[in-house]
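Asker: What follows is a structure written as structure tokens; I'll ask about it next.
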Amino acid sequence: MNYFEVAFDILYLVSVISLSIIIFTRGIKKHHKATMLFGIMGFLLGFGDSFHLIPRIIAHLTTGLEDYQMALGIGKLITGITMTIFYYLIYRYYVLLTEKDSQTIHTTIITLMIIRFILLALPGNDWINNGNSLFYGILRNIPFAILGSLIVVLFLKIGKEKEYRLFKKMGVWIIVSFVCYTIVVVGSGFIPVLGAFMIPKTIAYFIIIYIGFKN
């Protein structure tokens, strides 16, 4: 099972980062800001996830997760930060394509991001020791879930229009990712096998990038 996870994580990181570079390059050639932004967004996703996944890969191939608690914890913190920025960038991508900008929505997103960053910085998260507090796990993800829900509502609403159907597809996969992530955050502490839901969550994010690649 460990070797499967190692292979899966490597394939995911290579695929997401490679697709994102292709998307960004395509945007430069076409002088298309939205495409370039999507490429940056996808690269940030893969880059941020690498801080969490690479230590897991090394741990599985060497002495085990127990010997890499600090690297895993700090990696989770960095991933938490980059994932938050990811949702801001995907909102800006939406704005660039649809030209539907809203100061209220923008301010709400920035506020949720700041709250999320503050909660990520709380000592109770115990990142150094790869803390697994259910309370802090839920607390720091409340603004993140609200942020994701706001993006989903925007995407599903605009996705009803024929020329913006890609947002409906992305919105559906964002829902899948949050459902899987919620199961991991809330349930894996009680039933460790539920941590396997990180795999479909990761696949959901890859599909979001692939949708951008195809469109």
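Asker: Considering only region 62-88, state which residues are closer than 10 Å to W127 by Cβ and surrounded by fewer than 16 Cβ atoms within 10 Å (Cβ to Cβ).
Answerer: The one that is closer than 10 Å to W127 by Cβ and surrounded by fewer than 16 Cβ atoms within 10 Å (Cβ to Cβ): M70.
Asker: Of the residues T79, T108, T104, which single one is under 13 Å from the mean Cα position of the chain (by Cα), assigned to a helix (DSSP H, G or I) and of a type in the set (V, I, T)? I'd like the intermediate steps shown before the answer.
Answerer: Numbers: T108 fails: under 13 Å from the mean Cα position of the chain (by Cα); T104 fails: under 13 Å from the mean Cα position of the chain (by Cα).
From the options T79, T108, T104, the qualifying one is T79.
Asker: Within the bounds of region 148-171, is there any residue that is more than 19 Å from the chain's Cα centre (by Cα) and under 19 Å from F206 (Cα atoms)? Before you say what the answer is, go through the steps one by one.
Answerer: In the first step, residues of region 148-171 are kept if they are more than 19 Å from the chain's Cα centre (by Cα); the result is 157-165.
From the residues that got through so far, the ones that are under 19 Å from F206 (Cα atoms) too are 165.
Yes: region 148-171 contains one or more residues that are more than 19 Å from the chain's Cα centre (by Cα) and under 19 Å from F206 (Cα atoms).
Asker: Right, here's the next one. So which of I85, I10, I22 ends up being of a type in the set (A, V, I, L, M), at pLDDT 95 or above, part of a helix (DSSP H, G or I) and within 13 Å of G212 (Cα to Cα)?
Answerer: On the way: I85 fails: within 13 Å of G212 (Cα to Cα); I10 fails: within 13 Å of G212 (Cα to Cα).
The match here is I22.
Asker: Here is a check on your reading of the model: is I203 modelled with pLDDT of 95 or more, within 17 Å of the chain's Cα centre (by Cα), under 17 Å from M41 (Cα atoms) and surrounded by fewer than 18 Cβ atoms within 10 Å (Cβ to Cβ)? Steps first, please.
Answerer: Details: modelled with pLDDT of 95 or more: yes; within 17 Å of the chain's Cα centre (by Cα): yes; under 17 Å from M41 (Cα atoms): yes; surrounded by fewer than 18 Cβ atoms within 10 Å (Cβ to Cβ): yes.
It is true that I203 is modelled with pLDDT of 95 or more, within 17 Å of the chain's Cα centre (by Cα), under 17 Å from M41 (Cα atoms) and surrounded by fewer than 18 Cβ atoms within 10 Å (Cβ to Cβ).
The values are calculated or read from the model by the stated rules, or taken from the named source; none is laboratory data. Remember, predicted model here, so these are calculated numbers, not experimental data. FYI the Cβ positions are ideal-geometry reconstructions off the backbone, even for glycines, and counts take in every protein chain you see.
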